[in-house]
1. Suppose the filter is buried (at least 17 other Cβ atoms within 10 Å of the Cβ) and within 14 Å of another protein chain (Cβ to nearest Cβ); does B:Met164 pass it?
2. Within region A:6-40, count every residue that is within 15 Å of A:Thr331 (Cα to Cα), touching a residue at least 12 places away in the same chain (Cβ under 8 Å) and within 14 Å of chain B (Cβ to nearest Cβ).
3. Evaluate region B:141-159: report whether one residue or more is at pLDDT below 90, under 23 Å from the mean Cα position of the chain (by Cα) and closer than 30 Å to B:His309 by Cβ.
4. With the requirement that a residue be assigned to a strand (DSSP E or B), crowded, with 20+ Cβ neighbours inside 10 Å and either at the interface with another protein chain (Cβ under 10 Å from one of its Cβ atoms) or touching a helix residue (DSSP H, G or I) at 6+ places or on another chain (Cβ under 6 Å) (or both), what does region A:274-301 give you?
5. Going through region A:26-64 one residue at a time, which ones are more than 20 Å from A:Arg99 (Cα to Cα) and in contact with a Pro (Cβ under 8 Å, 6 or more places away or on another chain)?
6. Within region A:62-73, can you find the residues that are without any contact (Cβ under 8 Å) to a residue 60 or more places away in the chain and either part of a helix (DSSP H, G or I) or surrounded by 22 or more Cβ atoms within 10 Å (Cβ to Cβ) (or both)?
7. Mind listing whichever residues of region B:93-115 are part of a helix (DSSP H, G or I) and not basic (Lys, Arg)?
8. I'm told A:Ser216 meets every condition in (1) within 13 Å of chain B (Cβ to nearest Cβ); (2) over 30 Å from A:Leu151 (Cα atoms); (3) of a type outside the set (Lys, Arg); (4) in contact with a strand residue (DSSP E or B) (Cβ under 7 Å, 6 or more places away or on another chain) except one. Can you identify the failing condition by its number?
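The values are calculated or read from the model by the stated rules, or taken from the named source; none is laboratory data. Nothing here was measured: the structure is a model prediction, and the numbers come from that model. Cβ atoms come from the backbone with ideal geometry, glycine included; neighbour counts cover every protein chain shown.
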There are 2 protein chains.
Amino acid sequence: VRTSELQTPALLVDVHDLEHNLATMAAALPGARLRPHVKAHKCTELARRQAAAGHRSFTCATIREMEGMAAAGLGEDLLLANEVLDARRLGAVVDSGARVTVAVDSAETVRAAAAGGVREVLVDVNVGLPPCGCAPADAGRIAGLARSHGLAVRGVMGYEGHLMLVADPAERARLTAECMALLARAAADVGGDVVSAGGTGTYAVNQVATEIQAGSYALMDTAYAATGLPFRPALTLLATVVSAAPPASEIQPPWVVADVGLKSLGMDHGNPTVPGATVWFCSDEHTTFAPDDSGSVRVGDRVRVLPAHVDPTVALHERIHLVDGDEVLETWPVDLRGW
Amino acid sequence: VRTSELQTPALLVDVHDLEHNLATMAAALPGARLRPHVKAHKCTELARRQAAAGHRSFTCATIREMEGMAAAGLGEDLLLANEVLDARRLGAVVDSGARVTVAVDSAETVRAAAAGGVREVLVDVNVGLPPCGCAPADAGRIAGLARSHGLAVRGVMGYEGHLMLVADPAERARLTAECMALLARAAADVGGDVVSAGGTGTYAVNQVATEIQAGSYALMDTAYAATGLPFRPALTLLATVVSAAPPASEIQPPWVVADVGLKSLGMDHGNPTVPGATVWFCSDEHTTFAPDDSGSVRVGDRVRVLPAHVDPTVALHERIHLVDGDEVLETWPVDLRGW
């Protein structure tokens, strides 16, 4: 199958860029030093490639991701790096034979984990980003509470997510060290041997975490691409140009319209990028853009659009096509969508 | 089933608000005066309620929506208000017995319609918004081209989408009249009896269209709610509060975190609204917000979040729950997602 035969919009992953990214990260953080985050791709077939690169433990953001990874045989060590108030479905994943660890940051989430049949937890510690996590000074108390409910406490996690896109690497390293000092203090109070933290932006500068929860490194996006990391944008959205301003139109200047829009692109980081063109705006199923070389793009042409944010983009699609140039090597279901 | 038993995130549609919206629009634009746009809800069960309100013709934005509507028995008169370069799947919908009309705005899209087995078209005319549509002066030529390919030309369409959210109703009416003058001129050149245009923002002021393509009126959202229309926000996203800043935290002020984020909310119109609270930001699976009355929201509480943009929000979900207060009346699959 050639990409020209695909219906658009179609998500494409370049096999060479993907393999470069997986190999680069596996060299930097081999084996269990990396706990790949599946929220970035929601695809068990891609997770299987990460496992083949040596990483057997995974991070998830939703119960559905945990269930799907276990069902795919990738449940050796799954962390739900998120709080839940109803853990019964996680208990069922435990019963299926997978290893399940869930984040807790309150009495309520400790009770929910125990009641739902989960056996292992990490204490989620707030290291500066206002989503979840207890205060660092409170982590020891939460750990004690968890143990009193019969839960094994494997250690701590904390996510310095607000630092991932700090442009200056030295500043990113300095701020990461500040956050991780908080986490290290909490880890001493909590006990256990896991300090789980970090992400694609800080994988190389986080000196405290025993394991890094990076996800975006595999596919990357235009937001991360600006940070000087050694990973390549591997994901594009194949589009068809469906309309163009006529050359002698009353309504100038010369724009064209591709059939990808805000329903096929995550928009929280802004507009996508079209190489060799200026993007004007996205509507439901359209991206309107002006090619630098007017007349160079015609109705019926295919273009590859770069999403500003990969994670929510992938979540909008049913499948990913692994491609080598214009050849489709494999088609993978995005099977971890939903909740 | 009660809403308290639903797993979150869960999309809820209030039955009274929905019925108010459908009845209000059906009174203003009865029967074929409205061609409801299914892109706003992507749900054939909701379309069935619009059909029960008297509207038997529908507007779609994607081939998948056309296929799904036809398969659901709602294919009496389906318009794909969008250009396609490969119409073969539409030809299959024609063969299944549905009436299919597709927008064309170029020689390429005319040829694609004819080659794909489509028999009826509307000429899509640009009335000011740079997505698709030919120049008004070119519409007659496109119609002739379509007829020369054996296609029946039912008339014209044009979408004044850039006017939907103009805040001042009088200004919105004046600008709509300007756009529709362009469309009327094109309609005279094209022939046929259909002038399809408009949307929720202009349904009451568009004096030229023979049919209005409104979609958002059924569910509404916070962006449209600011325009003074007589429709009620009917859709909310049910969330669970999964984390809260501890009262004596080192990291003040008092925020809470709900389990809905940029993967369950369309973000192109900005952050969602949480009644009685200030939303700080959304991350993948979280919305962080500060309640006006700190301490009023606790871990485990359920909150109903109002999306800023309904269309892309619905597209992220597998199902919609029709509710009366806390009672779940029906659960509908969002069965028109994808492409």
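1. Details: buried (at least 17 other Cβ atoms within 10 Å of the Cβ): yes; within 14 Å of another protein chain (Cβ to nearest Cβ): yes.
Against the criterion (buried (at least 17 other Cβ atoms within 10 Å of the Cβ) and within 14 Å of another protein chain (Cβ to nearest Cβ)), B:Met164 qualifies.
2. Looking only at region A:6-40, we keep the residues that are within 15 Å of A:Thr331 (Cα to Cα), and these are A:6-15, A:18.
In the following step, the residues that additionally are touching a residue at least 12 places away in the same chain (Cβ under 8 Å) were identified as A:6, A:8-15, A:18.
Still in the running and within 14 Å of chain B (Cβ to nearest Cβ): A:6, A:8-11.
Number satisfying all stated conditions: 5.
3. So in region B:141-159, the residues at pLDDT below 90 come out as B:159.
Within this subset, residues satisfying the condition of being under 23 Å from the mean Cα position of the chain (by Cα) are B:159.
Within this subset, residues satisfying the condition of being closer than 30 Å to B:His309 by Cβ are B:159.
Yes, region B:141-159 contains a residue that is at pLDDT below 90, under 23 Å from the mean Cα position of the chain (by Cα) and closer than 30 Å to B:His309 by Cβ.
4. Those that are assigned to a strand (DSSP E or B), crowded, with 20+ Cβ neighbours inside 10 Å and either at the interface with another protein chain (Cβ under 10 Å from one of its Cβ atoms) or touching a helix residue (DSSP H, G or I) at 6+ places or on another chain (Cβ under 6 Å) (or both): A:Cys282, A:Ser283, A:His286, A:Thr287, A:Thr288, A:Phe289.
5. Scanning region A:26-64 gives no hits.
6. If the condition is that a residue be without any contact (Cβ under 8 Å) to a residue 60 or more places away in the chain and either part of a helix (DSSP H, G or I) or surrounded by 22 or more Cβ atoms within 10 Å (Cβ to Cβ) (or both), then A:Met66, A:Glu67, A:Ala70, A:Ala71 are the ones that fit.
7. In the first step, residues of region B:93-115 are kept if they are part of a helix (DSSP H, G or I); the result is B:93-95, B:107-115.
Of everything in region B:93-115, those that are part of a helix (DSSP H, G or I) and not basic (Lys, Arg) turn out to be B:Val93, B:Val94, B:Asp95, B:Ala107, B:Glu108, B:Thr109, B:Val110, B:Ala112, B:Ala113, B:Ala114, B:Ala115.
8. (4)
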